[in-house]
Structure formats: C-alpha cells, structure tokens
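Before anything else, here's the structure in question.
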Amino acid sequence: MTKVGDQDVSPRLARWLQLMTLDPVLAQRFREAWLQLLQELHAVPLFADAGLPAQPGLFAEVGRRIFSRLMPSARADADAGLLFISIFSSRRAVERFDALSSEDFGQMAQLLWPPREVHATLPLQQDLRQALRLLAARIAGRGAATAIRDRGTRDIHASPFYQLVFVTEQFVSTEPPGIEPQAFRQAIVRCRDELEQVHLHMEDAGVSSALVYDLLSIEAGLGRMELLAAVLVAEDRAAPRALLDALVRGPLDDTRLLLLFRQNLTLLARKTVERTGHGGEHYVARDRSGYWKMWRAAVGGGLLTVITAAIKSQLVGAHLPLFVEGFLIGTDYAVTFVLLQIFHFALATKQPSMTAAALAGIIRSNRGEERWNKISAYAAQITRTQLAAAFGNVIAVCLGGIAFQYLWTWLFNDHFLSAANAEHAYQSMNPLTSGTAIFAAFTGVLLWVGALAGGWVENFIVFNRITHALVQHPLSHRLGERHMGRMGAWLERNAAAWSNSIVLGYLLGLAPVIARFFGIPLDVRHVTLSTGMVALAAAQYGLDALRQSWLYFALAGVAVTFVLNLTVSFTIASVVALRAYSVPGREQLQILRYIGREFRRSPMHFLFPK
C-alpha cells in the first residue's frame, strides 16, 4: 500500500479493494450500480470547467472565486462535478488521491472503468466530444482578442486558434473516435507556437493582466484538450490517470485566489520590474567620471532638498486641516522630485529599488562564470554609487541648511524655525524615544512602491502604444504630427521617472494622514528630508548645538533612517524581481554569499572605482 510519511494513504481503500477482490458477486453488483450512475451523469462541465478559468476576465474570475468560497454555485443533481466536489472536498483528500500507487489505481480502474463495448454506449463518450468542442470554441474566442492578434497572426482565417475549431470538429465527428488524431495534435502544436510568438512579442510591446489571463487560459485549455483527446482515442494508458488528477484538483483550484494571482501576475510583475530596471541603469556609475558626476548630482539634490524641508516645516507649523496638510506636503515632495529629474540631480533613496531590478535582470540574462563576474562588478558599482549619492545628499543638505538659516537671519533678523518647531524636528529623530526605526522602514516600502509605479506606467504606455496614439490624435492636425511625435517620444523617455516622482511624493505626504485617519500613529522618515529638518533646527543654535546631546541622538536617527530607507527598499525590490524571474531561494542565497565574499576580498572596489 502506498504511504505518505508513516501513515497509509487510505486504509479504507485497501480494505475495500480487498473486499471486492474476495467477493466477485459483490463486485459485480457494485459495477452494475456504478454503470447505472455513469449513465445518468452529465460530465461536460466537469471536463471543460474544473480547474480552468471560468470567467472572461481576471477581475471577474477573482470575484467568482471569492463568492464561491462564501456560497458555492448550485449544480444539477446529474452534474458529475457535484460528485467530485463531494468526494474530494478537502486538500487532504486530493493529496491522498495523488499519492495512490500505480497498483492501487490499476485495481480501481479495473473495477470502475467499464468494458470497451459498454464504454462506447455511455454518455461519457459524447460528453468528451462536447467538452472538446466547447474548449475549442473558448480558445478561438480568446485567441481573437486584439492584443493577441496584434502580437501574433493578424489574419483571423489563418489563426491557429480559429482553425482549431474546425480540426476539433473533424476529430470528434469521426467514428471510431479520433480517426486522425495526428492532425488534431498538430493543431494543438500550432496553437502553442502561436502562444510562444505572442510571448516573444511582449518583450518589446508590453503586457497587461488581461493579456496574461487570456494566454494562461488558452494554455490551460489546450492542455485539457490534449488529455480529453487521449482518453477519447484510448491510445495512452496513462491518460485516464492524468485526466482524473486534473479533475480531482480542479474543484479546489477553482477557489484558490493565491494560485490565480501567482499564475497571472508573475509575468506582469516581471515586465514591470524590467521597465523599472531600465530606469535603474541611469543610477549606476560605471567609472570614475560617472562616480564624480553622481557626487555632483547628489550635491544638487541635497541643496534642492533644503528648500523642500523648509517648505514642509512651514506647512507643518501652519496647523492646517490634516488632509490639506498631507496633500500640500505631498505636492512639495512631488515637485521636488520632478525638479530633480529635470535638472538631473540625484536623491539616494530613489536608487535602491531601481538598481535592484537592474541587478535581477543581470542575474536572469547571464549564466556560468560570466554571470558571477557581472554580478560582482554590478554589485560593487551599485554600492559605491549609492554611497556617493547618500553622502553627497547628506553633506549638501547639512551645509545648505546652515547656509539657509544664516541667510534667513541676515534678511529677517529672526530664526527660520520657532523654538517649538526646532525642538519637534530634532526630538522626532531620536531613535530611542520615537518611532524613527519603524517609520524609516515604512518609508523604504513607499520608496519601492513609487519605483514600481514608474515601471508600471512605462509598461502601460508601451502596451497601449500611447506614443503612436498621440501622433494619430485629432490635435495632430492643428499642432502637426512632428510636434505630437516629439511629445510622444518625450513621454516614453520620461513617463517612468515623472510618475515615480509624483507617486512617491504623494505617498510620502498622504500616507501618514491616511494612517492617522484609521488611528495608526504612523509617519515617514526620509533620510535626506529628515537631515534637512535637523540641519535647520541645529543651525539656529550655532556652534552651541555641538554641545547638545539632542544633536547626536538626532544624527543617530539620521543614520538609522539612512540604513533602513536603503536596505528595505533594495531588499523588497530584489526579492520581488528575483521571484518575478523565478530565481530559486537557494540560488538567491548563493548570490548573497558570493557578493559578501567578494566584498571581503576587495572592499575598496565597493567604495571607490578603480
């Protein structure tokens, strides 16, 4: 008897099979009752629906699965699916069936599977044919979608999905069944070749959840058609077991949301990550020239952030309504981040999630010794570039904050921050008495979400061919196709960066407001902006600030914020990107150990370019 762990798969099944073997009369009576049941069952829904996407769109399928968990759909008494749901109602029952040995399954098949002369007269034969027709029609309908035709065969008549309907009809209409199975198999192969062509075209043309859902539905339907056809022609002895395995798992799979999301969103996440990774290439200094250029860009970003911190302090001190304050602070951040893009300045915290996606792309596209060399070189480039940007930001924002305070005092003969606001600025950064560590980690999550939004927007523009749509817009008759074409090219170049900046700005501004609305005392801690606030607060005390303990606690909070902002956003982006590329966890650990070993071997290479 087959075992799982230390327990039999099903002692009851063993005893039942033994009983049927020892009592031929009882076995015959059971077989007659079983054949009568098969005569009354309607199996088309089971064959064509169990374990396959049932709705025309992803979100409709999500809604159906959620509702099915709360209230399963009513089925006719003759529906074979009702029998399967009753018997295999739990994951444990499905696992027991999957674990059946070939010997046990053979005994069951000998008892339950009707003789060939009886099998030919059963409704199951006709249900197999009907299910094949139904699946072929569904596949043809999904294959006719515009997004699929634009990436594959445009001519409907030449489409293998459309031709599958006629090949299937010819296949199921012959007697005995499946007189020419080779033509049917070739039609399935042509459909799979078409799917491969669509997948290849998505590398350049973008992807959407609807397209991925259709492709996975077509692939699942083709696989089910192969199983049904193999059972119909009775050429493969393993086919009945394979079909039953799929039908047994089907009812449970039909209610699993996580499985649905994993199947449909992996490719979308991969393409979004790739778009994010393209942006990450601009944040990596590959030589000394690029390294010092990053320092200059970081200094510019730090000086600009001083103005951002000053505006934020005034908005906080104005005690505006909560949402208005959050919206205005978010606008302050968003405008700053957009200006960073326009003037080609750098902000250290915007880099990790993008560079992590680019690193994952290198891991995916390289193999062998070349892969390890590229990983080591790119990790070193990322590290030293990130450190240059971070230290450039912090140094510039500190010096800029001091200069701003002295300029303000010279012009207005007063401190920029009130005593209460200054105290709040440095006390809120104390890592021992505030939630700085938690807030900094949360900010790292927001930094990753902002970068992901940028990749999604770029994928959306590419998938929907927005640049071409602008040229064809009625405004092109007034403005000219040349100007609209330039606008489209600008949009494709800058959409990811601008959308990242705008989304991130409003996330940082509104997230604390939304959290407080629900009674959650959550805030954000962005290293450059927080350093700017501390610098403005400390500058009004002059050199006397150096003798104050609160300054060093605030600086410790800045250090904690720096580490958590960068590591959290980089870690999340790395994990998501590597999962999107299906890199196993064991291989991820090997990569980390290899990078750590290379750092110990040559630490200066990770700090300064050769």
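Which value, in debye to the nearest 20, gives the size of the charge dipole of the chain about its Cα centre, when Lys and Arg are +1 and Asp and Glu are -1 at the Cβ? Working shown, then result.
Values: 58 positive and 49 negative charges, 318 e Å.
The calculated dipole for the chain is roughly 1520 debye.
Distance from the Cα centre of the range 122-155 to that of the range 17-90, in angstrom?
When both Cα centres are located, 23 Å separates them.
Which helices, taking whole DSSP H runs in the chain, have alpha carbons extending 18 angstrom or more along the helix axis plus mean Kyte-Doolittle at least 1.6? Don't skip to the answer; put the middle values down first.
On the way: long enough: 24-40 (24 Å, -0.19); 58-70 (19 Å, 0.42); 123-143 (30 Å, -0.18); 160-173 (19 Å, 0.71); 181-205 (36 Å, -0.66); 209-233 (36 Å, 1.36); 239-253 (21 Å, 0.35); 257-280 (32 Å, 0.04); 288-317 (43 Å, 0.46); 322-342 (30 Å, 1.57); 352-365 (20 Å, 0.94); 368-412 (65 Å, 0.44); 436-463 (40 Å, 1.63); 481-517 (49 Å, 0.29); 549-580 (46 Å, 1.65); 585-601 (24 Å, -1.13).
Answer set is 436-463, 549-580.
If I take R0 = 45 Å and measure r between the Cβ atoms of LEU411 and THR433 in this structure, what FRET efficiency does the formula 1/(1 + (r/R0)^6) give, to the nearest 0.05? The partial results should precede the final answer.
Details: r = 34 Å, r/R0 = 0.76.
For R0 = 45 Å, the calculated efficiency reads 0.85.
Expressed in nm², what is the orientationally averaged projection area of the convex hull enclosing the Cα positions of the range 55-98? Walk me through the numbers on the way to the answer.
Working: hull surface 16.5 nm².
Projected over every direction and averaged, the Cα hull of the range 55-98 covers 4.1 nm².
Which FRET efficiency value, to the nearest 0.05, do you get for ALA238 and VAL62 by plugging their Cβ-Cβ distance into 1/(1 + (r/R0)^6) with R0 = 35 Å?
Values: r = 34 Å, r/R0 = 0.97.
Taking R0 as 35 Å, the efficiency between ALA238 and VAL62 is 0.55.
By the gyration tensor of its Cα atoms, with a ≥ b ≥ c the square roots of the eigenvalues, what is the shape of the range 271-606: rounded for a/c under 1.5, prolate for a/b over b/c, or oblate? Mind dumping the intermediate values first?
Details: a/c = 1.80, a/b = 1.26, b/c = 1.44.
It is oblate, given that a/c is not under 1.5 and a/b is not larger than b/c.
OK, next. Going out from 0 in 5 Å bins, what whole percent of all Cα-Cα distances in the range 505-610 drops into each bin?
2, 9, 11, 13, 15, 14, 14, 11, 7, 3, 1, 0
Run the quick spin-label model on ARG296 and LEU322: label points 7 Å from Cα toward the beta carbon, then report their separation in nm to one decimal.
4.6 nm
Let me ask another. Taking neighbour Cβ counts within 10 Å as the exposure measure, how do TRP456, TRP292 sort from fewest upward?
Details: TRP456 21, TRP292 13.
Ordered from fewest to most neighbouring Cβ atoms within 10 Å, TRP456, TRP292 come out as TRP292, TRP456.
Moving on. Per residue, how much space in cubic angstrom lies within the convex hull of the C-alpha atoms of the range 3-255? Numbers along the way, then the final one.
Values: hull volume 36.2 nm³, N = 253.
Spread over its residues, the Cα hull of the range 3-255 gives 143 Å³ apiece.
With the cut-off at 20 Å, report for the range 358-490 the share of all Cα pairs above it, as a whole percent. Spell out each step's value before the answer.
On the way: 6533 of 8778 pairs.
Tail fraction, whole percent: 74.
Obtain the nm distance between the two label points defined at GLN588 and THR567 by a simple spin-label model: each point lies 7 Å from its Cα along the Cα-to-C-beta direction.
Inter-label distance under the simple model: 1.7 nm.
Another one. Give me the distance in nm between label points sitting 7 Å out from Cα along the Cα-to-Cβ direction at HIS473 and GLN39, one decimal.
Going from the HIS473 label point to the GLN39 one covers 7.0 nm.
Largest first and in whole Å, give the semi-axes of the chain's equivalent ellipsoid, each being the square root of 5 times a Cα gyration tensor eigenvalue. Write down the numbers at each step before the final one.
Values: eigenvalues 749, 162, 107 Å².
For the chain, the semi-axes come out at 61, 28, 23 Å.
Above 17 Å lies some portion of the pair distances; for the range 558-605, what is it as a whole percent of all C-alpha pairs? Can you show the working numbers first?
Details: 580 of 1128 pairs.
So the portion of pairs separated by more than 17 Å is 51 percent.
Coordinate-derived values only; no laboratory data. What you are looking at is a predicted structure, and each value in this text was computed from that prediction instead of being measured. Positions of Cβ are generated from backbone atoms using ideal geometry, with glycine treated the same way; all protein chains shown enter the neighbour counts.
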